[in-house]
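The values are calculated or read from the model by the stated rules, or taken from the named source; none is laboratory data. Treat the numbers as computed from the prediction; the structure is a model and nothing was measured. Positions of Cβ are generated from backbone atoms using ideal geometry, with glycine treated the same way; all protein chains shown enter the neighbour counts.
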Amino acid sequence: MAFPILFVWFIIGIFIFRHHLRKGSKKEDAAHDAFWKKEASSLVVRKRNLDPNDYIKTSLSSQHIMDQAFFNKIQAPDLYRQQKYLFDLSQKPMVNFQTLDNAEVRLKFGTATITAIEAYENNFIQYIKTLHILAQGLMAAGQEDLARLYLEEGIAVGSDIRGNYTLLATIYKRHQQQDAIANLCEIAKNLNSLTKTKLLNELDEIKHGEDTNQKPLPY
């Protein structure tokens, strides 16, 4: 009698498998149809101007610009060119629509606006990258205060660069600013990044780790 019972369960298992397979296929077809429907709709949206609140607002000013003699003195002349590039970028329009896919951007602003938006997004990406590069170089040259300024600017404008967070958290740790590290963790939780989990783990290690006063910083 054991064999027929096992056979019946085997048949039932096949039906269940086929049911879930058909169900999964229907969901996949629905998602596929929804995707192409959204793509088609996005191609006929009229051009819409960006709202002033869509633009990234930077906080760097001329008082933060160091002359070439400063960078020569700290033996980091290459950083002078990075600083110039950074401040040139700060005067350009920047947006961050990383949470939206291309179709969603077209639906919101129209197809004719895409080229400009892509340029603005590239300005933003270069801006946060240059902030991080400058901060790394300044930390290596012993200029923690200025490095901290650039790192905090990166966080303020929405950088998702992992090193921006970990380097700033390590500076906070050196100065026993646990609340500042906790705030970084809260900001990091809202990032749309593939490395968010790793970043949160690293921030937690920094927050609860040993005092970093005598340890090298993670450039």
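So which residues in segment 59-77 are within 18 Å of His132 (Cα to Cα) and either modelled with pLDDT under 95 or in contact with a strand residue (DSSP E or B) (Cβ under 7 Å, 6 or more places away or on another chain) (or both)?
Result: Ser59, Leu60, Ser61, His64, Ile65.
What's the number of the condition Thr58 fails, among (1) over 22 Å from Asn164 (Cβ atoms); (2) surrounded by 17 or more Cβ atoms within 10 Å (Cβ to Cβ); (3) among the polar types (S, T, N, Q)?
(1)
Being within 30 Å of Arg48 (Cβ to Cβ) and of a type outside the set (Phe, Trp, Tyr) is the requirement here; does Gln176 meet it? Full working, then the answer.
Values: within 30 Å of Arg48 (Cβ to Cβ): no; of a type outside the set (Phe, Trp, Tyr): yes.
No: the conditions fail for Gln176.
Of the residues in segment 147-159, how many are closer than 17 Å to Gln82 by Cβ and in a loop (DSSP other than H, G, I, E, B)?
1
For segment 168-187, indicate whether the set of residues that are free of Cβ contacts under 8 Å to residues at least 60 places away in the same chain, under 28 Å from Lys92 (Cβ atoms) and surrounded by fewer than 17 Cβ atoms within 10 Å (Cβ to Cβ) is non-empty.
Within segment 168-187, one or more residues are free of Cβ contacts under 8 Å to residues at least 60 places away in the same chain, under 28 Å from Lys92 (Cβ atoms) and surrounded by fewer than 17 Cβ atoms within 10 Å (Cβ to Cβ).
Name the single residue that is nearest to Leu60 (Cα to Cα) among those in segment 92-102 being surrounded by fewer than 18 Cβ atoms within 10 Å (Cβ to Cβ) and modelled with pLDDT under 95.
Step one: list which residues in segment 92-102 are surrounded by fewer than 18 Cβ atoms within 10 Å (Cβ to Cβ), which gives 92-93, 98-102.
Within this subset, residues satisfying the condition of being modelled with pLDDT under 95 are 98-102.
Working: Gln98: 23, Thr99: 25, Leu100: 27, Asp101: 30, Asn102: 30 Å.
In this case the residue turns out to be Gln98.
Please find, among Tyr80, Tyr55, the residue that is among the hydroxyl-bearing types (Ser, Thr, Tyr), in the same structural domain as Asn164 (by TED's automatic domain parsing), over 23 Å from Leu168 (Cβ atoms) and at pLDDT 95 or above.
Details: Tyr80 fails: over 23 Å from Leu168 (Cβ atoms).
It is Tyr55.
Quick grid of which residues meet (1) outside any helix (DSSP H, G or I); (2) farther than 27 Å from Glu186 by Cα; (3) modelled with pLDDT under 95; (4) in contact with an Asp or Glu (Cβ under 8 Å, 6 or more places away or on another chain):
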residue: Ala112; (1), (2), (3), (4): no, yes, yes, no
residue: Ala116; (1), (2), (3), (4): no, yes, yes, no
residue: Ala119; (1), (2), (3), (4): no, yes, no, no
residue: Asn122; (1), (2), (3), (4): no, no, no, no
residue: Leu134; (1), (2), (3), (4): no, no, no, no
residue: Gly137; (1), (2), (3), (4): no, no, no, yes
residue: Gly142; (1), (2), (3), (4): yes, yes, no, no
residue: Asp145; (1), (2), (3), (4): no, no, no, no
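Each row is one residue, and each column tells you yes or no for (1) touching an Asp or Glu at 6+ places or on another chain (Cβ under 9 Å); (2) within 29 Å of Asp101 (Cβ to Cβ); (3) not small (Gly, Ala, Ser).
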{"site": "Leu149", "(1), (2), (3)": "no, no, yes"}
{"site": "Gly154", "(1), (2), (3)": "no, yes, no"}
{"site": "Ile161", "(1), (2), (3)": "no, yes, yes"}
{"site": "Gln176", "(1), (2), (3)": "yes, no, yes"}
{"site": "Ser193", "(1), (2), (3)": "yes, yes, no"}
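Tell me which residues, restricted to segment 51-74, are more than 27 Å from the chain's Cα centre (by Cα) and in a loop (DSSP other than H, G, I, E, B).
Residues of segment 51-74 more than 27 Å from the chain's Cα centre (by Cα): 63, 66-74.
Of everything in segment 51-74, those that are more than 27 Å from the chain's Cα centre (by Cα) and in a loop (DSSP other than H, G, I, E, B) turn out to be Met66, Asp67, Ile74.
Of all residues in segment 147-159, which are surrounded by fewer than 20 Cβ atoms within 10 Å (Cβ to Cβ) and touching a residue at least 40 places away in the same chain (Cβ under 8 Å)?
Leu149, Ala156, Val157, Gly158, listed by residue number.
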